[in-house]
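What follows is calculated from the coordinates using simple rules that are stated; it is not laboratory data. All values derive from a computational prediction rather than experimental measurement. Positions of Cβ are generated from backbone atoms using ideal geometry, with glycine treated the same way; all protein chains shown enter the neighbour counts.
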Amino acid sequence: MGKSIFLLNVARFTILALFCFVLWLILSSELNVWSISIGILFSLAASYYSYEIFYEKTEYNRSDFLIRFEYFFVYVFLFVIQSYIASFELIYLIITRKHNPGTVRIKTRLKSQIGRVFLANTITMIPGTLSLWLDNNHIFVHWFDIKTSHSKKAGHIIKQNFEQILEKIFG
């Protein structure tokens with residue numbers, strides 16, 4: 001069991017280092033030997049120092065916990081689409097003055113702390129919603145136009161498909 005956990009942690013570290021290196025290549029936009037060498041060194045250092053941020057200590061020994069970076073593309077696509085839809089809806093509500101602001105508490109089924117933080121930040125970045133407080137499995141959200149005060153229905157409207165995708169990414 002110890003060897004498989006070690007290999008899993010090596011795989012997690014490698015994926016994180018590759019992700020950092022790809023970001024380095026995109027941001028530096030240079031493909032010379034010097035830039036690539038420095039990029040590899042900084043990617044390894046960033047992965048070493050940020051490993052605990054991406055993989056919580058309570059998750060180290062779980063064999064089924066591996067961040068799935070391929071779902072980030074789906075997440076970003078959904079985020080952009082939802083942001084545009086919410087922006088147009090918010091503009092309409094402001095112009096017509098047909099809004100009912102308030103606070104609602106929603107529950108998340110995400111197990112990972114970083115997944116819950118991602119969900120809360122996603123809710124904040126969508127126009128018309130603002131995450132006020134994250135308390136274990138509950139997120140308190142200020143909603144520009146409360147469509148329902150029922151916690152479960154409000155959570156379904158606010159979270160949309162983000163929770164499902166973040167569950168696949170972070171477990």
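Take peptides 118-129, 28-39 and line them up by average Cβ neighbours within 10 Å, highest first, as a rough protection proxy.
On the way: 118-129: 18.9, 28-39: 11.6.
Sorting 118-129, 28-39 by mean packing, highest first, produces 118-129, 28-39.
Let's see if you can work this out: charge +1 on each Lys and Arg Cβ, -1 on each Asp and Glu Cβ, no other charges. What is the dipole magnitude of the chain about its Cα centre, in debye to the nearest 20?
Numbers: 17 positive and 11 negative charges, 139 e Å.
Dipole about the Cα centre, nearest 20: 660 debye.
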Inter-label distance, nm, simple model (7 Å from Cα along the C-beta direction), Leu130/Ala11 = 4.3 nm
Which whole-angstrom value gives the distance between the alpha carbon centres of region 89-120 and region 136-171?
-> 7 Å
The farthest towards the positive end of the charge dipole of the chain, of the residues Phe162, Asn137, Phe6, given +1 on Cβ of Lys and Arg and -1 on Cβ of Asp and Glu, is Asn137
Between Lys152 and Phe73, the two model label points (7 Å from Cα along the beta-carbon direction) sit apart by a distance in nm of 3.6 nm
Longest principal axis of the chain (C-alpha) makes with the long axis of helix 33-54 (C-alpha) an angle, in degrees to the nearest 10, of 60 degrees
Across region 71-170, how many lysine pairs, 8 or more apart or on two chains, come within less than 15 Å at their alpha-carbon atoms?
-> 7
Once a ≥ b ≥ c are taken as the square roots of the eigenvalues of the Cα gyration tensor of the chain, is the result rounded (a/c under 1.5), prolate (a/b larger than b/c) or oblate (a/b not larger than b/c)?
-> oblate
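Is the shape of region 71-170 rounded, prolate or oblate, going by the alpha carbon gyration tensor and its root eigenvalues a ≥ b ≥ c, with a/c under 1.5 for rounded and a/b larger than b/c for prolate? Write down the numbers at each step before the final one.
On the way: a/c = 2.32, a/b = 1.35, b/c = 1.71.
Taking the square roots of the gyration eigenvalues as a ≥ b ≥ c, region 71-170 is oblate.
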Where does helix 113-125 land angle-wise versus the long Cα axis of the chain, in degrees 0 to 90, nearest 10?
-> 50 degrees
Environment charge at Val141 (Cβ cut-off 10 Å; Lys +1, Arg +1, Asp -1, Glu -1) = +2
Leading residue at positive end of dipole, the chain (Cβ point charges), from Phe77, Leu18, Asn100 = Asn100
The helix 2-28 Cα axis meets the longest alpha-carbon principal axis of the chain at an angle in degrees, between 0 and 90 and rounded to 10, of 70 degrees
